[in-house]
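Worksheet: one structure, shown below.
The values are calculated or read from the model by the stated rules, or taken from the named source; none is laboratory data. Source: prediction; values computed, not measured. A quick note on method: Cβ atoms are made from the backbone with ideal geometry, for glycine too, and the neighbour counts reach across all protein chains shown. In case anyone asks, the SASA skips ligands and DNA or RNA and just uses the protein heavy atoms, side chains included. Shrake-Rupley method; radii C 1.70, N 1.55, O 1.52, S 1.80 Å.
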Amino acid sequence: SLQKTNSKDFQFCTNIVNKCEGMREEEKEDYASSIFAMYESIKSKTCVCPDTLIVDDNDFNIYALKLSLKKYNLKIEKAINGLEALNLVKELSLNSCCSVYKIIFMDFDMPVMNGYESARNIKNYLNSIDKDAKIIGCSAFSSEKDILKCFESGMDDYETKPLNNEKVERILAKN
C-alpha cells in the first residue's frame, strides 16, 4: 500500500500518479507501484563503465600503473595479452551506456598477441564503428625502431616503463 512506504522515491511516484484525473484510488496505487518498479529498475542499471584499460602480461606492471592512476578515480580494467584486450574492446563497444575506453595503456611484448598487432586490430575495429580510443604504448623497449613500430601500429603515444606519476600526469593531460 502507498501509505506504508516511506521512500522519497516512492512518494515521488505517488505524487505523479495523484495528479492523474479520472483514476480510482485502487488504480492509482497499482499505477504508482508500476512506475516505482520501473524507476528502481532504471536506477539499478546506472552505467558505471571502465574508462581505462591496462594491457600487460606482468602483474607487477599492472599493479604499479593502477597505483599511479588511483588518484584520478579512473575505472580500470586489465588484460594480460593483446587478444584479451581486443576482445574487451569489442565487448565494451556493445554496451549501451558507454562504448569505448578513453585510454588504453599497451605493452609491446606479450604472449598470444603482441601490443603492436593488438593496437592495429583495436584501431581498425574502432574505426569500423566510428569510435576512437587513445592507445599509449608502454614498454621498456626504447629503441627508435620500437618506438616507430609503436606509431606505425596505430598507437597514439609512447612512454618507457616504469610509468611514474610524472609520466602518467603528462599522458593524462594530453589525452
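What the table below lists for this structure:
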| quantity | calculated |
| --- | --- |
| Conditions (1) exposed (fewer than 13 other Cβ atoms within 10 Å of the Cβ); (2) closer than 23 Å to D57 by Cβ; (3) touching an Asp or Glu at 6+ places or on another chain (Cβ under 8 Å); number of the one not met by M110 | (1) |
| Verdict on K71 being open to solvent by 80 Å² or more (accessible area, probe 1.4 Å) and over 14 Å from I54 (Cβ atoms) | yes |
| Residue selected from the range 13-29 under the condition at pLDDT below 75 and basic (K, R), by the criterion most open to solvent (accessible area, probe 1.4 Å) | K19 |
| Residue satisfying condition, being of a type in the set (D, E, K, R), open to solvent by 60 Å² or more (accessible area, probe 1.4 Å), more than 22 Å from L163 (Cα to Cα) and touching a helix residue (DSSP H, G or I) at 6+ places or on another chain (Cβ under 7 Å), within set K131, K78, K149 | K131 |
| Counted residues, the range 152-175 - those being within 21 Å of Y72 (Cβ to Cβ), open to solvent by 80 Å² or more (accessible area, probe 1.4 Å) and without any contact (Cβ under 8 Å) to a residue 60 or more places away in the chain | 5 |
| S142 vs. criteria surrounded by fewer than 20 Cβ atoms within 10 Å (Cβ to Cβ), in a loop (DSSP other than H, G, I, E, B) and without any contact (Cβ under 8 Å) to a residue 24 or more places away in the chain | yes |
| Some residue of the range 106-124 being within 21 Å of E84 (Cα to Cα), of a type in the set (D, E, K, R) and part of a loop (DSSP other than H, G, I, E, B) | yes |
| Filter result for V89 (over 11 Å from the mean Cα position of the chain (by Cα), open to solvent by less than 10 Å² (accessible area, probe 1.4 Å) and of a type outside the set (D, E, K, R)) | no |
